[in-house]
Amino acid sequence: MLDPQLLRSDIEAVARRLAARPYALNAAAFAALDEQRKAVQSRTQELQAARNSSAKRVGQAKGRGEDVSALMAEAAQAGVELSGLEMKLQEIQDKVRDFLLDVPNLPHASVPEGKGAEDNLEMRRIGTPRTFGFAPQDHTDLGATLGQMDFETATKIAGSRFVVMKGPLARLHRAIAQFMLDVHTAEHGYTEVYVPYLVNADSMRGTGQLPKFEEDLFAVPRGDAGKFYLVPTAEVPVTNMVRDEIVPLEKLPLKFVCHSPCFRSEAGSYGKDTRGMIRQHQFDKVELVQISHPERSYEGLEALLGHAETILKRLELPYRVITLCTGDMGFSAAKTYDIEVWLPAQNAYREISSCSNFEAFQARRMQARFRNEKGRPELVHTLNGSGLAVGRTLVAIMENYQQADGSIEVPAALKPYMGGLEFIRAS
RNA sequence: GGAGAGGUGGCAGAGUGGUUGAAUGUACCGGUCUCGAAAACCGGAAAGGUCGCAAGGCCUUCGAGGGUUCGAAUCCCUCCCUCUCCGCCA
């Protein structure tokens, strides 16, 4: 959520910056709504003040044992207009809030302007894609040949966009997550957290999934208590740990790492990546989250990106880093770097991590604050990034480490997690 | 699932339908004292919104939402959450 003050004071500048996304801010509608809000609010508060003071007078007169029937009748009269106005004010304030909840974040000044993926800015390429002496297979074929990756059974159990893994490949999947957690906790100073995978609507609103993107989520009904949502990323539960909190200055930055499953309905992506494990309803991810001092959040973003890159370097997987342009960024982000890993079978780089600074956008929705140098509460900045997506890392390892006979070499960094196993072969 | 108790400021913990936004303690900040610290004493300090150049004013907030009342932390209703006991259970 953007700062309402900013919209009041300089809505044209806000509109201009949002136009780069592109997002058409209805400045006139907001101005009209706010003007109405102002009128109703000041009148309401005037009447509330009058009510409070006359109620106080009644109390005082009663204390002196005087007759208060006239005073009470007068006060009752004023209450009629007030209750109507209070309702009206509530309505208007809800409208203002709904309006603001729908407006995406402002792109940071360093974000390149552009319409879509083609305008993203490549920052660097690390590692050289290997040359194969044979035609590399994709992970789906490799997994089928190994007899350890089974989409048909998953479809029987659940439906499309799920997978069943077995044996050494299932273990490799686990090893990847363990390895990432170990690196981030031992070397990068993150605190490991375990969190709920079902969250309430307030949490989803806090990080920006609701109200706009409900169709991307899986919901679980539960009677009068509303519903639970399955987390689409650990970002949601982990970032919401600081919702409605005031974090002491000296605790910043908070750095959390969390391995969790992620659930996405993938509505609207029919026909996209239908083969294999690239796009699933359920996948595992190791997520990095930072709660930062506003003045240090961009340092934090560079560091966080580096932490994610470390994993790819250790696994010796070729990748590149790109800065998303204004048109390709997510709703809540002020700046986003994507890391894309090389997939030989697709002859392309594919997203394996997305690292973003949300500045105060999520913090304002969550009322996540810290006590600043002056002792005043101030909104924190929130950041997160995949470090990394586990399923896609598995895919990248299979494809980049495949041998001519269809076996998979275990990357050196993961061998300790595989009981020393060198190659994954058909069982 | 059944029975009971409870949700108040960073934490602990009072609270009567009427100058209570809320005693008191503790933690925190400033000051006095001290070579320095501790202790003691004095003082300051909730959050959000809104108006204002500012000083400051006003409004809202005692789990959430409704209701009764001139006036609700206090009374009524619904919901959520926590704790204790029983049942069930990984």
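Please verify whether A:LEU394 is more than 16 Å from RNA strand B (Cβ to nearest atom) and either under 15 Å from the mean Cα position of the chain (by Cα) or part of a strand (DSSP E or B) (or both), treating the condition exactly as stated. Working first, answer last.
Working: more than 16 Å from RNA strand B (Cβ to nearest atom): yes; either under 15 Å from the mean Cα position of the chain (by Cα) or part of a strand (DSSP E or B) (or both): no.
For A:LEU394, the condition - more than 16 Å from RNA strand B (Cβ to nearest atom) and either under 15 Å from the mean Cα position of the chain (by Cα) or part of a strand (DSSP E or B) (or both) - is not met.
A:ALA76 meets the conditions (1) within 7 Å of RNA strand B (Cβ to nearest atom); (2) surrounded by 12 or more Cβ atoms within 10 Å (Cβ to Cβ) in every case but one. The failed one is (2). Within segment A:135-148, not a single residue is under 30 Å from A:LYS255 (Cα atoms), at pLDDT 95 or above and assigned by TED's automatic domain parsing to the domain that holds A:GLU287. Evaluation of A:GLU152 against the conditions (1) assigned by TED's automatic domain parsing to the domain that holds A:PHE263; (2) assigned to a loop (DSSP other than H, G, I, E, B); (3) modelled with pLDDT of 95 or more shows that the sole unmet condition is (2).
Of the conditions (1) within 12 Å of RNA strand B (Cβ to nearest atom); (2) of a type in the set (A, V, I, L, M); (3) within 30 Å of A:ASP328 (Cα to Cα), A:ALA61 fails just one. Which one is it? Going through (1) within 12 Å of RNA strand B (Cβ to nearest atom); (2) of a type in the set (A, V, I, L, M); (3) within 30 Å of A:ASP328 (Cα to Cα) one by one, A:ALA61 breaks only (3).
Within the bounds of segment A:10-17, is there any residue that is outside any helix (DSSP H, G or I), more than 10 Å from RNA strand B (Cβ to nearest atom) and either surrounded by 15 or more Cβ atoms within 10 Å (Cβ to Cβ) or not assigned by TED's automatic domain parsing to the domain that holds A:LEU210 (or both)?
Residues of segment A:10-17 that are outside any helix (DSSP H, G or I), as a first pass: A:10.
Filter once more, keeping what is more than 10 Å from RNA strand B (Cβ to nearest atom): A:10.
Of the ones still in play, those that are also either surrounded by 15 or more Cβ atoms within 10 Å (Cβ to Cβ) or not assigned by TED's automatic domain parsing to the domain that holds A:LEU210 (or both) are A:10.
So far as segment A:10-17 goes, yes, one or more of its residues are outside any helix (DSSP H, G or I), more than 10 Å from RNA strand B (Cβ to nearest atom) and either surrounded by 15 or more Cβ atoms within 10 Å (Cβ to Cβ) or not assigned by TED's automatic domain parsing to the domain that holds A:LEU210 (or both).
Can you list the strands (runs of 3 or more DSSP E) found entirely within segment A:318-369 that contain at least 3 residues being in the same structural domain as A:MET241 (by TED's automatic domain parsing), in contact with a helix residue (DSSP H, G or I) (Cβ under 9 Å, 6 or more places away or on another chain) and under 30 Å from A:LEU252 (Cα atoms)?
Details: elements: A:319-323, A:335-343, A:348-357.
The qualifying strands (runs of 3 or more DSSP E) are A:335-343, A:348-357.
Considering (1) part of a helix (DSSP H, G or I); (2) touching a residue at least 60 places away in the same chain (Cβ under 8 Å), the lone condition that A:SER203 does not fulfil carries the number (2).
Restricting to segment A:86-141, name every residue that is in a helix (DSSP H, G or I) and away from RNA strand B (no atom under 16 Å from the Cβ). Explain how you work it out, then say what you get.
Taking segment A:86-141 and keeping what is in a helix (DSSP H, G or I), we get A:86-101, A:117-119, A:139-141.
Within segment A:86-141, A:ALA117, A:GLU118, A:ASP119, A:HIS139, A:THR140, A:ASP141 meet the criteria.
Within segment A:134-190, work out how many residues are polar (S, T, N, Q) and in contact with a helix residue (DSSP H, G or I) (Cβ under 7 Å, 6 or more places away or on another chain).
Of segment A:134-190, the ones polar (S, T, N, Q) are A:137, A:140, A:145, A:148, A:153, A:155, A:160, A:178, A:185.
Then drop every residue that is not in contact with a helix residue (DSSP H, G or I) (Cβ under 7 Å, 6 or more places away or on another chain), which leaves A:148, A:178.
Number of matching residues: 2.
The values are calculated or read from the model by the stated rules, or taken from the named source; none is laboratory data. All values reported here derive from a predicted model rather than from experimental measurement. Don't worry about glycine lacking a Cβ; one is built from the backbone with ideal geometry, like all the others, and counts go over all protein chains shown.
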